[in-house]
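Shown next, in structure tokens, is the structure this report addresses.
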Amino acid sequence: MHKAPSHIAVLTSGGDAPGMNAAIRAVVRSAVYYEKKVTGVYNGYEGLIDGNYEELNSRSVKYILNQGGTFLKSARSQRFRTTEGRKEAYSKMSAAGIDALIVIGGDGSFTGAKIFSEEYNVQIIGVPGTIDNDLYGTDFTIGYDTASNTAIECIDKIRDTASSHDRLFLVEVMGRDSGFIALRSAIASGALEVIMPENNLTFDQLYQAIEKAGKNKKFSNIIVVAEGNKLGNIFEIADHLKTKFSHLDIKVTILGHLQRGGSPTVFDRVLASKLGVAAVEGLLIGRSNVMAGIMNNQVIYTPFEEAITRRAYINPELIRINKILTI
Ligand code: F6P
């Protein structure tokens, strides 16, 4: 256990996520509330190494609650993967009098945080900020809800044109190693199938679903494809389907980074606010090397080790529901 810190730094790292600004605001305001000094670190771990710091106060974070992106900027730092990089980071933050760190990011960011925390005994708490929702120890990560809503807004539009032309669309959504966005947006948009790492869908199953849709006179269809699926690249999947169903007009749309932007939903703003406060309060009670999360409406602290190595739970019930509803 660490003693309560006096000077907390906050940074955002890895892929940005809508709601990261809301989380920074919550960290800054709760640090001020508990009369701690608080510093923002620009450019993630890159800025930690370079000493790119700015002291923040409650006014520094006004009007950012509703903004997408992260005003502290983010990076995937290669230098922080090296012992020299981490040594420099420790020396810079110690010189600035920073004695605790809050890292808002995903699994890559927490892997770095874990190593750094163990190497230098730095007090660190993580806040799950990634659209992928792929962290163990929290029911939801910040940004996932907004990204899913963005995805279905786009898929709804694709549905209009798919229906006008009786086309089959394959729509790729983000999720490097997970199908959370894919499954949720498939259910919410009435997609015929979802191809994601967790359901091990085969081409035969896909063919059957398309044949069944044809028999049921379902002439326009959406198949949601998670980028991290194991069946293959979306264009290769489309080629397979074009060979098998030469009479179908098949199109591919990749939603890409637009899922990472936009104003956070109410859900993400509230989640980010809760987790920002939980991170600061965790530091005050001496917690370290853990991620703050919310499970069943309760704040919990999960060791980084578990958060990054255990698999986030995808509810099989949702897969079952999707099967029933796409008949
Ligand atoms: O981890 C979030 C995420 O958006 C993934 O879904 C995606 O695979 C990856 O980041 C893309 O990373 P980048 O923005 O560096 O291309």
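The values are calculated or read from the model by the stated rules, or taken from the named source; none is laboratory data. Everything numeric here is computed off the predicted structure, so don't read it as measured data. Don't worry about glycine lacking a Cβ; one is built from the backbone with ideal geometry, like all the others, and counts go over all protein chains shown.
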Self-check item: Among the candidates Phe71, Phe110, residue that is in contact with a helix residue (DSSP H, G or I) (Cβ under 9 Å, 6 or more places away or on another chain) and assigned to a loop (DSSP other than H, G, I, E, B)
Solution: Phe71
Exercise. Scan Glu88, Glu46 and give me the residue that is over 22 Å from Arg25 (Cα atoms), among the acidic types (Asp, Glu) and either surrounded by fewer than 19 Cβ atoms within 10 Å (Cβ to Cβ) or modelled with pLDDT of 95 or more (or both).
Key: Glu88
Quiz item: Hey, among the residues in segment 87-112 that are away from the ligand (no atom under 16 Å from the Cβ) and among the aliphatic types (A, V, I, L, M), which one's nearest to Leu284 (Cα to Cα)?
Solution: Ala100
Exercise. With the checklist (1) within 12 Å of the ligand (Cβ to nearest atom); (2) farther than 26 Å from Val270 by Cα in hand, flag the one item Ile158 doesn't pass.
Key: (1)
Practice problem: Take the residues in segment 117-136 that are surrounded by fewer than 24 Cβ atoms within 10 Å (Cβ to Cβ) and more than 13 Å from the chain's Cα centre (by Cα), then tell me which one is farthest from the ligand (Cβ to nearest atom). | Solution: Asn121
Quiz item: Taking segment 49-68 on its own, how many of its residues are assigned to a helix (DSSP H, G or I) and surrounded by 18 or more Cβ atoms within 10 Å (Cβ to Cβ)?
Solution: 2
Quiz prompt | Positions within segment 222-253 being β-branched (Val, Ile, Thr) and out of contact with any helix residue (DSSP H, G or I) (no Cβ under 9 Å at 6 or more places or on another chain), in sequence order | solution = Ile234, Thr243
Quiz item: Of the conditions (1) without any contact (Cβ under 8 Å) to a residue 12 or more places away in the chain; (2) assigned to a helix (DSSP H, G or I); (3) within 25 Å of the chain's Cα centre (by Cα), Ser94 fails just one. Which one is it?
Solution: (3)
Exercise. Restricting attention to segment 6-39, report how many residues are away from the ligand (no atom under 16 Å from the Cβ) and either at pLDDT below 95 or surrounded by fewer than 24 Cβ atoms within 10 Å (Cβ to Cβ) (or both).
Key: 11
Practice problem: Give the residue that is surrounded by the most Cβ atoms within 10 Å (Cβ to Cβ), with candidates limited to residues of segment 151-175 that are of a type in the set (Gly, Ala, Ser) and part of a helix (DSSP H, G or I). | Solution: Ala151
Practice problem: Residues being away from the ligand (no atom under 16 Å from the Cβ) and not aliphatic (A, V, I, L, M): count how many of those fall in segment 254-274. | Solution: 6
Self-check item: Hits in segment 282-319 (condition: among the small types (Gly, Ala, Ser) and either more than 14 Å from Gly129 (Cβ to Cβ) or not in a helix (DSSP H, G or I) (or both))
Solution: Gly282, Gly286, Ser288, Ala292, Gly293, Ala312
Quiz item: All but one of (1) surrounded by 19 or more Cβ atoms within 10 Å (Cβ to Cβ); (2) within 16 Å of the ligand (Cβ to nearest atom); (3) of a type outside the set (Lys, Arg); (4) more than 13 Å from Gly175 (Cβ to Cβ) hold for Asn233; which doesn't?
Solution: (1)
Practice problem: Scan segment 198-230 for residues that are surrounded by fewer than 21 Cβ atoms within 10 Å (Cβ to Cβ) and within 16 Å of the ligand (Cβ to nearest atom) and report the count. | Solution: 2
